[in-house]
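Each reported figure results from applying straightforward, stated rules to the coordinates on display, with no laboratory input. Quantities reported herein were computed from a predicted structural model and do not represent experimental measurements.
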Amino acid sequence: MSLAIFLAICIVGVDFLIYVLFQWTFGDKRRAIVRKLAAHREAVQIQTPAPPRPFLVQAGPQTRARLQKVRARLSTHSHQKLA
């Protein structure tokens, strides 16, 4: 019975040492890298303004008529090729 308790305490102790080792080797580095990356992204986002929105102009009546003619030609040509 005492041997089982001793082994259980040893296993818990080794697990704790492994946890401490991983935190010591990887814990601070990862947090520092994440902080630096977040600060860099924020700085870049502040420096570059949002891209300009496109300037759209509504087509006039002459342009609409031309577009309708072109669309009519395209629809007749596509039907002729299929037949």
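For this structure, a couple of remarks:
- Among (1) 34.9, 98; (2) 12.4, 37; (3) 17.2, 52, the entry derived from the coordinates for Rg and Dmax of the Cα atoms in Å: (1)
- Mean Kyte hydropathy of 0.5 or more with a Cα span along the axis of at least 20 Å, helices from DSSP in the chain: 2-22
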